[in-house]
């Protein structure tokens, strides 16, 4: 009897605990759903900072970021097939143009060349005897002509063998530093196979991309000042050597400025800033740089229309200071979002926190 009473009591206790837990979980779930709904309601209207599309003064002096490229860079290629029997370079080796970098086994070619030279000597002796017999009437002119033709063929074979032997020596096409070594002594190579790369950085080419307004102010041969990001306290100067006549897909023109790289201080791939001067000052339509969504090549701006942020594609031009020239897509006086875009979506309602940039 006592056991039955204990069992009933435990059943009641456990049932009560289960009911309490179930009730508490339900209350918590309801509270979380209410909080989530409230959060969604609060985020329906996004607070943003806005500014105006307005005319700005763009100076004729402008700075452009670019990259240092090697003056020359050439892949070392094989011209023949065979096994490398000598290798005269490693990664980092400094080589001069014309230096032998590798030798391919050419013993068979040399044997063929010597055999051909022996046959040529014999053919020339035979021709000399035939020419003596021609005067005595023992042979015909046709035999003499055939002998001369045979001699000429042998001479051409010697030239071909000499060329093949010379191709078995891989020579440096330019002076510079060897990188990207791809073979070792004993490697088997084939024609047109890359063995390494030679890079010449005794001079460098600073490559920058200019807009159409900028590129017309630059002249070939013009001296230009620049700085390398890694050496902000040093000044460099170069000469404009190339101005592209065709714009790329982003409507910018490649300009190359050649500089002497004393002591190989700079390396290819480093970045720097070029200071261009001499252009005319003018008024252009512009927006703050932070208003641009995405890259300058595919720029978009949120425009405020009827209390909503409407994403609009724009065509941009030069960057000057913290502003970006706008060529198409916006009108003067329009209100744009300059801060808070990270939370925005196209057509989202917004709360104008301020309007003064």
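The values are calculated or read from the model by the stated rules, or taken from the named source; none is laboratory data. Note that this is a predicted model, so its numbers are computed, not measured. Positions of Cβ are backbone-derived with ideal geometry, glycine not excepted, and every protein chain shown enters the neighbour counts.
Find the residue count for the range 57-101, including only residues that are outside any loop (DSSP other than H, G, I, E, B) and either without any contact (Cβ under 8 Å) to a residue 24 or more places away in the chain or over 16 Å from residue 174 (Cβ atoms) (or both).
Residues flagged as outside any loop (DSSP other than H, G, I, E, B) and either without any contact (Cβ under 8 Å) to a residue 24 or more places away in the chain or over 16 Å from residue 174 (Cβ atoms) (or both) within the range 57-101 amount to 15.
Just give me the residues in the range 255-281 being touching a strand residue (DSSP E or B) at 6+ places or on another chain (Cβ under 6 Å) and within 15 Å of residue 212 (Cβ to Cβ), in sequence order.
If the condition is that a residue be touching a strand residue (DSSP E or B) at 6+ places or on another chain (Cβ under 6 Å) and within 15 Å of residue 212 (Cβ to Cβ), then 255, 276 are the ones that fit.
Considering only the range 180-196, state which residues are crowded, with 18+ Cβ neighbours inside 10 Å and outside any loop (DSSP other than H, G, I, E, B).
Those that are crowded, with 18+ Cβ neighbours inside 10 Å and outside any loop (DSSP other than H, G, I, E, B): 189, 195, 196.
Would you point out which residue out of 176, 150 is in contact with a strand residue (DSSP E or B) (Cβ under 8 Å, 6 or more places away or on another chain) and either buried (at least 17 other Cβ atoms within 10 Å of the Cβ) or assigned by TED's automatic domain parsing to the domain that holds residue 80 (or both)?
So the residue among 176, 150 that is in contact with a strand residue (DSSP E or B) (Cβ under 8 Å, 6 or more places away or on another chain) and either buried (at least 17 other Cβ atoms within 10 Å of the Cβ) or assigned by TED's automatic domain parsing to the domain that holds residue 80 (or both) is 176.
Without any contact (Cβ under 8 Å) to a residue 40 or more places away in the chain and assigned to a strand (DSSP E or B): does that describe residue 316?
yes
Inspect the range 135-143 for any residue being surrounded by 12 or more Cβ atoms within 10 Å (Cβ to Cβ), assigned by TED's automatic domain parsing to the domain that holds residue 87 and in contact (Cβ under 8 Å) with a residue 40 or more places away in the chain and give the result as yes or no.
no
Among 326, 310, which is within 30 Å of residue 247 (Cα to Cα) and part of a strand (DSSP E or B)?
The conditions single out 326.
Would you be able to say whether some residue in the range 201-221 is under 30 Å from residue 80 (Cα atoms), in contact with a strand residue (DSSP E or B) (Cβ under 6 Å, 6 or more places away or on another chain) and in contact (Cβ under 8 Å) with a residue 12 or more places away in the chain?
Yes, because at least one residue in the range 201-221 is under 30 Å from residue 80 (Cα atoms), in contact with a strand residue (DSSP E or B) (Cβ under 6 Å, 6 or more places away or on another chain) and in contact (Cβ under 8 Å) with a residue 12 or more places away in the chain.
For the range 265-275, indicate whether the set of residues that are modelled with pLDDT under 95, surrounded by 19 or more Cβ atoms within 10 Å (Cβ to Cβ) and in a strand (DSSP E or B) is non-empty.
yes
Would you call residue 283 within 32 Å of the chain's Cα centre (by Cα), part of a strand (DSSP E or B) and within 18 Å of residue 59 (Cβ to Cβ)?
no
Taking the conditions exactly as written (over 22 Å from the mean Cα position of the chain (by Cα) and exposed (fewer than 12 other Cβ atoms within 10 Å of the Cβ)), does residue 249 satisfy them or not?
Against the criterion (over 22 Å from the mean Cα position of the chain (by Cα) and exposed (fewer than 12 other Cβ atoms within 10 Å of the Cβ)), residue 249 does not qualify.
Is it the case that residue 293 is touching a helix residue (DSSP H, G or I) at 6+ places or on another chain (Cβ under 9 Å), closer than 30 Å to residue 216 by Cα and at pLDDT 90 or above? Break it down into steps so the answer makes sense when it comes.
Values: touching a helix residue (DSSP H, G or I) at 6+ places or on another chain (Cβ under 9 Å): yes; closer than 30 Å to residue 216 by Cα: yes; at pLDDT 90 or above: no.
For residue 293, the condition - touching a helix residue (DSSP H, G or I) at 6+ places or on another chain (Cβ under 9 Å), closer than 30 Å to residue 216 by Cα and at pLDDT 90 or above - is not met.
Looking only at residues in the range 290-307 that are in a strand (DSSP E or B) and in contact (Cβ under 8 Å) with a residue 24 or more places away in the chain, which one is farthest from residue 63 (Cα to Cα)?
304
With the structure loaded, tell me whether residue 159 is surrounded by fewer than 14 Cβ atoms within 10 Å (Cβ to Cβ), in the same structural domain as residue 83 (by TED's automatic domain parsing) and either touching a residue at least 60 places away in the same chain (Cβ under 8 Å) or within 30 Å of residue 84 (Cβ to Cβ) (or both) or whether it fails that test.
yes
Considering each residue of the range 199-237, count those that are within 22 Å of the chain's Cα centre (by Cα) and assigned to a strand (DSSP E or B), and give that number.
15
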